[in-house]
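The values are calculated or read from the model by the stated rules, or taken from the named source; none is laboratory data. Since we're looking at a predicted model, the values are computed, not measured. Quick reminder, even Gly has a Cβ in these numbers, built from the backbone with ideal geometry, and neighbours come from all protein chains shown. Quick note on the areas: whole protein, heavy atoms, side chains included, nothing else; ligands and nucleic acids left out. Shrake-Rupley method; radii C 1.70, N 1.55, O 1.52, S 1.80 Å.
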Amino acid sequence: MIRSGIFAFLLLALAACAQRSGWTLPVQPASAEQLVRAAPTGRLSGVAVPVAYRATLDLDPRLPRFNGIVEIDITLEAPVTGLWLHGDDLDVSSVTAAAGGETVEASWTEVLETGVVWVGFPKRLEARKLTLKIEYSAPFNANLAGLFKVESQGKVYALAKSESIEARRFMPGFDEPGIKAVFDMSITVPVGMRAVANTPEISRAPARPGFETIRFAPTRPLSTYLLSAAVGDFDQVAHAPMLPNSVRKGEVPLTGYTRAGKGEELGYALSLTPRIVGIFEEMLQQPYPYEKLDLIAAPQWPSGATELAGAITYRESRILKGPNAGPAFIRALKEIHTHEIAHMWFGDLVTPPWWDDLWLKEGFANWSETAVLSILEPDGNHEVAAVADSLSAMVLDSLASARAVSGPIVRNEDIRNAYDAITYSKGQSVIRMVDHFATPERFRPALGRYIARYADGAASSEDFFNAISRATGDPEVGNIFRSFILQQGVPLVEASVSCGAGAPKLTLRQSRYKPLGSGIDPGRTWTIPVCVAWQDGANTGRTCTLLTSQQSVTDLKGAMCPSVIVPNADGAGYYRFGLPPEGWRALGAGFAGLPATEALASLDSAEAAFAAGALSGEDWLGVLVPAMSHPDATVLSASLRAADTLLRQLGDHPAAEDLRARVSATLAARTDAGADTESAARMLSFQALTLDDPAARAELRERLAPVLEGTGGLTSDLYVPALRVTFAEGGAEAFDKILAARARLDDAVFTQAVSDAVGSVADPGLARRAEQLMFDGAFGPAASSSIASSLMGNPAHRETTWTRLTAEFPAFLNAIPSQSRRAAPRLARSFCDPGRIPELEVLLASQGPAAAGHEQALAETKEYLTLCSVQTEAARAAFGL
């Protein structure tokens with residue numbers, strides 16, 4: 001859809017203006033059709049390079065709209081009669097171009113719905129430098145995109161969510177990650193309101209009556225997706241500056257911002273920050289790159305957090321530590337905080353040129369969670385979390401429709417599809433694997449040299465592969481990265497040991513993992529660092545090799561004839577492994593003694609083997625049941641999830657009752673049952689929700705009651721299971737009490753838990769009330785997404801919820817964050833029935849444009865529905881049905 005500017009005609013661009021789109025415009029006034037055909041659907045041409053922006057925003061969160069004036073200094077690679085740039089749903093009142101000593105009026109036409117704009121000039125501009133000046137206004141966004149506003153406890157806040165291509169919703173410009181420029185920002189706000197941007201405030205002056213203009217220092221070169229603007233009645237939380245150290249010479253101011261009344265709860269994150277920043281600086285030998293560091297806890301935010309340079313912004317439910325914060329919540333807080341600080345180097349200072357290399361910032365930020373927190377808390381067992389993260393990626397990467405970590409993104413609509421477990425979790429897993437292979441002593445300083453080489457600029461995957469090979473002095477490092485980053489799929493490494501004269505022989509064979517029902521071609525190879533841990537009586541050891549061909553044979557030096565092997569030592573490799581039946585049995589018998597990292601990798605590989613038809617039902621239980629006795633909470637959690645999956649697959653099969661009994665007995669025998677630990681919370685939740693144990697359900701309701709009555713608290717780790725049980729059993733009275741408690745508590749973590757649990761209600765009338773909360777956006781757009789998932793997760797309400805969602809699909813999409821709409825097809829996964837595929841295709845054929853970029857989610861969902869059905873039948877057959 002084209003939105004016209006001030007001129008009715010548009011002159012033509014040079015061919016260079018559209019070189020990346022593949023189109024050129026004819027030498028005559030361009031028609032609407034010609035503009036649409038010529039418009040770049042992804043990257044811009046590169047003929048215009050912005051050098052600096054001077055932006056003035058007039059932001060009053062009490063009003064429905066805001067105003068802006070932006071001047072952009074641009075260097076041109078060739079003479080032009082117009083430029084492609086970005087601006088989404090902006091009401092532009094004036095555009096001028098100053099070049100070569102003259103100023104001309106220009107036209108503004110929004111050509112594509114993704115905010116691709118043609119700025120046309122009345123004649124060809126020959127000068128190599130020009131300045132665009134654009135005056136405009138726009139509405140505050142209602143779906144947590146671009147510049148949006150939220151109300152909380154009677155106060156109003158405006159916040160900018162710029163990533164990934166949302167900055168164009170509040171500021172015209174060149175909205176690509178690799179196009180970096182200096183930003184000089186001024187914000188006019190009501191007197192008394194605070195304003196935060198990427199850099200420190202340098203001046204403040206009166207504006208019109210009741211308003212003042214705050215000017216901020218010019219930035220280092222930044223991408224538009226890193227721009228920050230936050231205005232409102234924030235509490236400002238003071239903290240001592242981060243002191244100089246051996247890497248950084250000067251102090252860095254550190255400040256927190258929360259909505260009114262929540263400042264104290266940001267203290268914990270602020271207290272962690274100097275040490276985390278210091279670890280990054282020491283590890284990379286590169287100083288923190290920005291003039292300040294602000295932590296902003298937003299009342300609402302579409303994702304967990306965003307790394308706006310020097311002004312990291314979080315959804316408050318992820319960063320505020322209240323009095324009821326449980327161990328799992330605190331661990332997650334540390335992880336997300338470390339992740340966002342990592343971005344100050346990985347993404348902000350060194351930026352991917354385009355979104356197909358998103359892993360270079362998100363993969364490294366995920367990896368940093370483990371690398372840095374393991375230094376901060378050596379006994380914190382953070383390596384186990386990294387393995388669990390790796391396994392989450394393998395679920396998605398086991399689909400034939402899975403994409404590569406780095407692959408072409410040619411449309412703006414598909415950019416958000418890169419924000420998935422492949423980018424984040426597989427990315428970190430590959431980095432962790434190489435860190436182990438090259439050793440931290442070589443790899444991490446090499447990362448610092450890469451950062452220094454590309455600081456304030458952009459680096460692609462190929463740039464990184466070459467740079468890290470040079471910096472480590474090992475070409476195999478780059479080869480490993482290329483092998484895993486540029487092709488999709490999970491490697492399967494099948495291992496067997498043969499004993500005879502001399503050292504035992506280890507045979508390794510690789511292929512692509514293929515679950516039952518999949519059309520995957522397994523014929524693929526990687527360059528895989530494989531380390532095998534082995535046990536030979538009291539003798540233990542490990543053997544490592546670089547597997548570059550389909551098969552290799554290696555001596556197990558130091559071993560006689562190992563009884564147990566784990567072909568993924570430390571869980572460091574991004575691959576699954578296979579064993580002969582006797583190998584799995586030996587592994588199950590010794591499972592309780594495995595390190596937690598290897599226990600997690602072994603459990604996942606056994607479950608994957610069962611899903612591929614390579615492991616019998618009884619041998620699968622021979623690993624699964626012992627895993628529930630493992631002392632590590634993350635291993636326990638993974639085993640309980642696997643048991644829940646198997647119980648759902650078995651349904652009313654007699655084997656299900658036997659499994660329930662074995663699980664119950666195993667959990668009852670644990671010494672940490674009933675303790676105030678992560679393990680105890682997970683066991684209680686499983687017993688109540690999966691085993692439907694009356695005593696466990698009664699305990700959860702009893703522990704939640706003081707929260708609802710306003711007389712006590714409950715660890716946040718139990719909010720969701722306790723709310724699910726209470727919603728399911730308490731009827732309308734409990735429903736009303738919970739909603740009243742949510743309003744009274746003013747606790748974002750509790751609100752999120754209510755959204756995650758409300759679908760558990762038993763009464764259809766209450767389910768309809770929950771649906772209405774979702775459509776009304778009663779708890780905010782992000783919570784509406786959670787309510788939809790919760791309702792779809794309840795078999796009693798799945799059909800009626802789906803019927804309404806599909807009947808009112810546009811209304812549902814309008815109730816959730818803009819960036820979540822593309823994922824809407826995934827709600828259908830709850831059915832586990834490929835018979836739903838035709839209706840899903842019909843829905844998206846008619847409503848798909850409103851969920852732009854949905855194609856990847858649709859393909860994954862269709863494949864998932866097929867695999868789920870096939871594997872459910874196979875599981876039942878494995879136990880004799």
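Quick notes on this one:
- Spatial offset of region 728-758 relative to region 271-292 amounts to 39 Å, using the alpha carbon center of each.
- Of K155/K862; K321/K737; K161/K262; K262/K737; K180/K262; K133/K155, pairs whose Cα-Cα distance is over 32 Å: K155/K862; K180/K262; K133/K155
- For region 82-231, the percent of C-alpha pairs falling in each 10 Å distance bin, counted from 0 to the bin holding the largest distance, reads 11, 34, 38, 16, 2, 0.
- Mean projected area of the convex hull spanned by the Cα atoms of region 279-434, taken over all viewing directions: 10.4 nm².
- Of A859, A386, L640, farthest towards positive along the dipole that unit charges on Lys, Arg, Asp, Glu beta carbons give the chain: A859
- Computed packing ranks the peptides 111-120, 639-648 as 111-120, 639-648, most packed first, by mean other Cβ atoms within 10 Å.
- Averaging the sequence gap over all C-alpha pairs within less than 8 Å and six or more residues apart, then dividing by the number of residues, gives region 448-574 a relative contact order of 21 percent.
- Heavy atoms of the protein chains alone define the surface here; on that basis region 275-368 has 19 Å² accessible area per residue at 1.4 Å probe size.
- Hull shadow area, averaged, region 763-881 [alpha-carbon convex hull, nm²]: 7.8
- When Rg and the Kirkwood radius Rh are both evaluated on Cα atoms of region 286-335, their ratio Rg/Rh stands at 1.03.
- Region 191-237 - Kirkwood radius from inverse mean 1/r over Cα pairs (Å): 12.0
- For G457, distant residues with modelled amide H under 5 Å away: T351
- Centroid-to-centroid separation of region 55-69 and region 577-643 [C-alpha atoms, Å]: 57
- Reciprocal mean inverse distance between Cα atoms of region 709-841 - Kirkwood radius, Å: 15.2
- At 0.890 mPa s and 25 °C, Stokes D of region 357-410 from Kirkwood alpha-carbon radius, µm² per second: 193
- Heavy-atom accessible surface of region 206-347: percent carbon and sulfur, 1.4 Å: 52
- Per residue Cα convex hull volume in Å³ - calculated over region 375-467: 143
- For region 175-214, the fraction of alpha-carbon pairs in successive 5 Å shells from zero, as %: 6, 20, 26, 18, 12, 9, 8, 2, 0
- Under 18 Å from K505, Cα to Cα: lysines that are on another chain or at least 8 residues apart: K557
- Sulfur and carbon atoms: percent of accessible area, region 383-483 [1.4 Å]: 57
- Over the chain: helical MRE at 222 nm, DSSP H runs n ≥ 4 each giving -39500 (n - 2.57), nearest 500: -12500 deg cm²/dmol
- Cα Rg over Rh - region 64-142, Kirkwood: 0.99
- Residues whose placed amide H lies under 5 Å from that of R512, excluding near-sequence neighbours: L492, G523, R524
- Two-decimal log10 I(q)/I(0) for region 329-393, as the Debye equation yields it once each C-alpha is a single scatterer, q = 0.12, 0.14, 0.23 Å⁻¹: -0.31, -0.41, -0.96
- Protection proxy ranking of 441-454, 404-417, 207-220, 236-249, by the mean of other Cβ atoms within 10 Å over each peptide's residues and highest first, is 404-417, 441-454, 207-220, 236-249.
- As computed over region 297-371, the Cα convex hull volume per residue (Å³): 91
- Phi-based couplings in Hz for region 797-802 (Karplus 6.51, -1.76, 1.60; Gly and Pro marked x): 10, 4, 5, 5, 5, 4
- Pairs of alpha carbons in region 565-606 separated by more than 16 Å make up 22% of all such pairs.
- What region 410-518 shows is 34 Å² of accessible area per residue, with the surface traced by a 1.4 Å probe over protein heavy atoms.
- P(r) tail for region 582-641: Cα pairs beyond 17 Å make up 25% of the total.
- Rounded percent of accessible protein surface that carbon and sulfur make up, region 643-781, 1.4 Å probe: 50
- Rg and Dmax of the chain, both derived from C-alpha coordinates alone, stand at 28.1, 93 Å.
- Å² of accessible area per residue within region 119-217, as computed with a 1.4 Å probe and no ligands counted: 35
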